[in-house]
Amino acid sequence: MEEFIKEIPKAELHLHIEGTFEPELMFEIASRNDIDLDYKNIEELKKAYNFSNLQEFLDIYYAGCNVLINEADFYDMTMAYLKKAKEQNILHTEIMFDPQTHTDRGISFETVINGIHKALADAEAKLGITSKLIMSFLRHLPEKAAFETLEQAKPFKKWIDAVGLDSSELGHPPSKFERVFQKAKEEGYLVVAHAGEEGPPEYITEALELLQVDRIDHGNRSLEDINVVNNLVERKMALTVCPLSNLKLQVVKDLKKHPLKKMLDKGLFVTINSDDPAYFSGYLNENYIEIQKALDLSKENIIQLADNSFKASFLSETEKNKMLEKLKEFTN
Ligand code: HPA
Ligand code: ZN
């Protein structure tokens, strides 16, 4: 089964590029930028990766970003992930980036997006991995700041496919961002939002009704309200579920208690993703492998999850069909 999981062609739809920043590369970039980290060495840093909730993780994740200064830093971080993705038989990836985490430290929007975009373009040319880019607004900041970010993105719009909503969920409902999401939609962006990771099912409803999202990130807590489940099923709304993230952030106490199988059984359109793999001890294949073992998922379940990953992507129908064809060839 493990070999089957490693080799099956798949797409990744929920990945924060800043969450792929491995300690080894973090120390290397800190050194070349002459920045001191709060930790003496890699072991000490890794020891801090022990989170009891989303906020504890975010504090460390944002601190790690402080060493990213130059375009080359963003390039190297992105390329390291793309090489890993290639090894894991990921044909297509849709990555999020958090511009405000960097612009608030005085790094220009241009520096960030140039580095990320160049890596994505090189990976497509050299590794054959296709990608989409999602610009996420930090929900702990005011809506006004998101409007400013949307404005800064204008010259680079051709490189950005969607906008998203991430960071501290509790106390920052989707409704706080209704106007900026409407503007983003008017400008032609697709839209996604984290909802129902730590936040209540009402946040999922707000993301659907007020933000008019094209996909929900996480959505685990939909199971607490049958009306929300029915609404998601009726809309065939894709959910990007992240098992190891849920375990590490204590959204679930044990992977055996993870809701993924229940979600599949209820007819929800779920996909598996890695979220912040450098912090949650596993990239996409490790997420598939661990959740398969914990929930005793069948080969058919795995095929369905890989199939869903392409169908829920923002690729064109033609591109989706090409990848689905590769999946069929593999499973036949
Ligand atoms: N949840 C919310 N915001 C985030 C995450 C996450 O798992 N990772 C990076 N930003
Ligand atoms: Zn996420």
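Values quoted throughout were computed directly from the atomic coordinates according to the rules given, and no laboratory measurement underlies them. What you are looking at is a predicted structure, and each value in this text was computed from that prediction instead of being measured. Methodologically, a virtual Cβ is constructed for each residue, glycine included, from the backbone with ideal geometry; neighbour enumeration extends over all protein chains shown.
What the table shows:
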item	result
Dipole of the range 204-250, positive direction: furthest Cα of Val229, Val241, Val213, with charges on the beta-carbon	Val241
From the C-alpha gyration tensor of the range 1-156, square roots of 5λ in Å	24, 21, 16
Note, ³J(HN,Hα) from phi for the range 238-248, Karplus 6.51, -1.76, 1.60, rounded to Hz, x at Gly and Pro	6, 10, 9, 8, 10, x, 5, 4, 4, 5, 5
Under-5 Å amide H pairs with Ser131, H placed in peptide plane, nonlocal only	Thr93
Whole-Hz couplings from phi, Karplus 6.51/-1.76/1.60, listed for the range 321-330; x for Gly and Pro	4, 4, 6, 5, 5, 5, 5, 4, 4, 5
J(HN,Hα) series, the range 290-303, from Karplus relation 6.51 cos²θ - 1.76 cosθ + 1.60, nearest Hz, glycine and proline x	5, 6, 4, 5, 5, 9, 6, 5, 8, 4, 4, 4, 5, 4
Cβ-based net charge around Val229, under 10 Å, with every Lys or Arg adding one and every Asp or Glu removing one	-1
Net charge, Ile107 excluded, C-beta distance under 11 Å - Lys, Arg +1, Asp, Glu -1	-3
Amide H contacts under 5 Å for Ala238, placed H, 5+ residues apart	Ile216
Exposure proxy order (Cβ contacts within 10 Å, fewest to most) of Ser131, Ser222, Ser175	Ser175, Ser131, Ser222
Point-charge dipole on Cβ atoms (K/R +1, D/E -1) for the chain, about Cα centre, debye to 20	780 debye
Partner aspartates and glutamates for Lys326 [C-alpha distance under 18 Å; skip if fewer than 8 residues away on the same chain]	Glu3, Glu7, Glu12, Glu87, Glu124, Glu300, Asp307, Glu317
Counted charge near Leu297, where neighbours are those whose Cβ lies closer than 13 Å (Asp, Glu -1; Lys, Arg +1)	0
Signed unit charges on C-beta, dipole axis of the range 83-171, positive-most listed residue Phe137, Ile116, Ala162	Ile116
Neighbour-count order for Cys65, Cys242, fewest beta carbons within 10 angstrom listed first	Cys65, Cys242
√(5λ) per eigenvalue of the Cα gyration tensor, the chain, largest first, Å	27, 23, 21
Residue order, fewest to most beta carbons within 10 Å, for Lys40, Lys84	Lys40, Lys84
Amide H within-cut-off set for Gly164, under 5 Å, with H built and near neighbours excluded	Met135, Ser136, Phe137, Val192
